[in-house]
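Notes follow once the structure below has been shown.
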Amino acid sequence: MSKPIILTGDRPTGKLHLGHYVGSLKNRVALQNEDKYKMFIFLADQQALTDHAKESEKIQESIGNVALDYLSVGLDPNKSTIFIQSQIPELAELTMYYMNLVSLARLERNPTVKTEIAQKGFGESIPSGFLVYPISQAADITAFKANFVPVGTDQKPMIEQTREIVRSFNHTYSTDCLVEPQGIYPENEGAGRLPGIDGNAKMSKSLGNGIYLSDDVDTVRKKVMSMYTDPNHIRIEDPGQIKGNMVFYYLDIFGREEDKANITAMKEEYQKGGLGDVKTKRFLLEILERELAPIRERRLEYAKDMGEVFRMLEKGSQGARATAAQTLSQVKEAMGINYF
Ligand code: TRP
């Protein structure tokens with residue numbers, strides 16, 4: 001029996017932060033090290049270009065940064081295939097064929113795309129590539145015959161659309177060459193969508209409320225010290241609120257089993273009054289640094305040789321391309337366009 005296949009990717013539009021770390025990276029490393037799956041992880045630069053066409057230099061820069069983030073959290077090119085979407089032209093070709101099986105109305109119905117269109121303020125000028133990106137995502141997933149796709153809940157509509165495309169393709173061309181994938185979503189919704197340090201519902205670059213895997217310790221300290229807590233907890237003696245208090249929210253997520261008793265005691269003291277924010281923040285900083293310090297150290301080490309990082313990506317892309325080419329040839333055969 002060959003191993004089940006897992007595929008997942010990120011848009012390279014900036015460095016990765018703690019939200020990415022608890023929401024997906026940590027889980028990917030665990031899956032990789034279980035050694036039960038064949039894993040493909042990729043940088044979806046073509047997808048990033050669908051709404052950043054005029055900022056390609058930002059995407060180029062992010063490729064190096066995200067690759068460093070990957071390596072420093074423990075994704076290992078010897079265990080997983082790490083590659084760049086744009087270096088696999090077979091993906092664009094598959095997208096072409098799938099486009100004929102998806103109506104415009106279906107694309108316009110995709111709830112995540114709808115939300116993004118509203119957020120990005122495209123108005124009447126939605127790039128056609130943007131509307132079509134769920135189809136290109138279906139190409140990413142099916143080219144590698146992925147069985148499982150670990151993603152955030154916002155990606156559910158993409159997986160659903162991919163499954164429809166697979167069924168439609170296999171039915172239309174009487175084949176079973178495409179595989180219907182299953183999404184794997186975060187069990188813990190809290191970790192699946194980590195709020196920002198300002199208490200905003202989502203940690204995100206555009207909101208400027210993130211702690212990055214590449215932040216140095218002083219930056220992390222400053223960010224932790226500026227975290228949103230309880231605005232009514234003014235004097236140390238005042239009773240404080242846990243709900244909505246980012247320090248406790250993060251402690252619950254980043255605390256390990258052995259920290260639980262300590263965290264519970266701190267919560268009680270805080271609610272009663274008598275525990276200051278500086279103390280809770282110092283404790284959180286310690287907990288975060290336990291996780292971040294080794295990542296940061298490895299990151300600095302890998303960053304010394306970007307040539308090597310790009311060679312790793314090139315090798316990964318070559319391997320991925322061979323797999324995607326096999327699928328494309330089956331697809332063309334099923335469609336009867338393998339003329340020669
Ligand atoms: N849309 C995903 C995101 O924004 C990135 C992505 C592109 C992806 N292709 C994929 C994820 C294929 C999983 C599988 O995060």
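The values are calculated or read from the model by the stated rules, or taken from the named source; none is laboratory data. These numbers come from a predicted model, not from an experiment. Note: ideal-geometry Cβ built from the backbone for every residue, glycine included; neighbour counts use all protein chains shown. Calculation scope for accessible area: heavy atoms of the full protein, side chains included, ligands and nucleic acids excluded. Shrake-Rupley method; radii C 1.70, N 1.55, O 1.52, S 1.80 Å.
Would you confirm whether or not the stretch 186-195 contains a residue that is within 30 Å of Met335 (Cα to Cα), in contact (Cβ under 8 Å) with a residue 40 or more places away in the chain and either of a type in the set (Val, Ile, Thr) or buried (at least 18 other Cβ atoms within 10 Å of the Cβ) (or both)?
No, the stretch 186-195 has no match at all.
State all residues of the stretch 168-178 that are open to solvent by less than 40 Å² (accessible area, probe 1.4 Å) and assigned to a loop (DSSP other than H, G, I, E, B); if no residue qualifies, say none.
Our first condition is that a residue be open to solvent by less than 40 Å² (accessible area, probe 1.4 Å); within the stretch 168-178, this holds for 168-170, 175, 177-178.
Once the filter is applied, which keeps residues that are open to solvent by less than 40 Å² (accessible area, probe 1.4 Å) and assigned to a loop (DSSP other than H, G, I, E, B), the stretch 168-178 yields Thr175, Cys177, Leu178.
Residues being within 23 Å of Glu93 (Cβ to Cβ), under 20 Å from the mean Cα position of the chain (by Cα) and not aliphatic (A, V, I, L, M): count how many of those fall in the stretch 108-154.
Residues that pass the stated criteria total 11.
Is one or more of the residues making up the stretch 312-319 within 24 Å of His20 (Cβ to Cβ) and in contact with a helix residue (DSSP H, G or I) (Cβ under 7 Å, 6 or more places away or on another chain)?
yes
State the number of residues belonging to the stretch 230-245 that are among the β-branched types (Val, Ile, Thr) and either surrounded by 20 or more Cβ atoms within 10 Å (Cβ to Cβ) or over 28 Å from Leu292 (Cα atoms) (or both). Show your work before the answer.
Taking the stretch 230-245 as the starting set, the residues that turn out to be among the β-branched types (Val, Ile, Thr) are 234, 236, 242.
Retained after the next criterion (residues that are either surrounded by 20 or more Cβ atoms within 10 Å (Cβ to Cβ) or over 28 Å from Leu292 (Cα atoms) (or both)): 234, 236.
Total satisfying the criteria: 2.
Where in the stretch 1-118 are there helices (runs of 4 or more DSSP H), lying wholly inside it, with at least 2 residues that are in contact (Cβ under 8 Å) with a residue 40 or more places away in the chain?
Values: elements: 26-34, 45-49, 56-73, 89-99, 104-109.
The qualifying helices (runs of 4 or more DSSP H) are 26-34, 45-49, 56-73, 89-99.
Does the stretch 44-65 contain any residue that is open to solvent by less than 50 Å² (accessible area, probe 1.4 Å), within 12 Å of the ligand (Cβ to nearest atom), within 21 Å of Tyr302 (Cα to Cα) and not aliphatic (A, V, I, L, M)?
no
Considering each residue of the stretch 200-229, count those that are open to solvent by 10 Å² or more (accessible area, probe 1.4 Å), within 21 Å of Gly276 (Cβ to Cβ) and assigned to a helix (DSSP H, G or I), and give that number.
Residues meeting the conditions: 4.
Looking only at the stretch 249-263, count how many residues are in a helix (DSSP H, G or I) and loosely packed, with under 13 Cβ neighbours inside 10 Å.
Final tally of qualifying residues: 4.
Among residues belonging to the stretch 123-167 that are surrounded by fewer than 17 Cβ atoms within 10 Å (Cβ to Cβ), in contact (Cβ under 8 Å) with a residue 40 or more places away in the chain and assigned to a loop (DSSP other than H, G, I, E, B), point out the one that is farthest from the ligand (Cβ to nearest atom).
Result: Pro127.
Collect the residues in the stretch 15-24 that are more than 12 Å from the ligand (Cβ to nearest atom) and touching a helix residue (DSSP H, G or I) at 6+ places or on another chain (Cβ under 6 Å), keeping them in residue-number order.
Lys15, Val22 - these are the residues of the stretch 15-24 that are more than 12 Å from the ligand (Cβ to nearest atom) and touching a helix residue (DSSP H, G or I) at 6+ places or on another chain (Cβ under 6 Å).
Just give me the residues in the stretch 288-321 being open to solvent by less than 60 Å² (accessible area, probe 1.4 Å) and over 23 Å from the mean Cα position of the chain (by Cα), in sequence order.
Gly307
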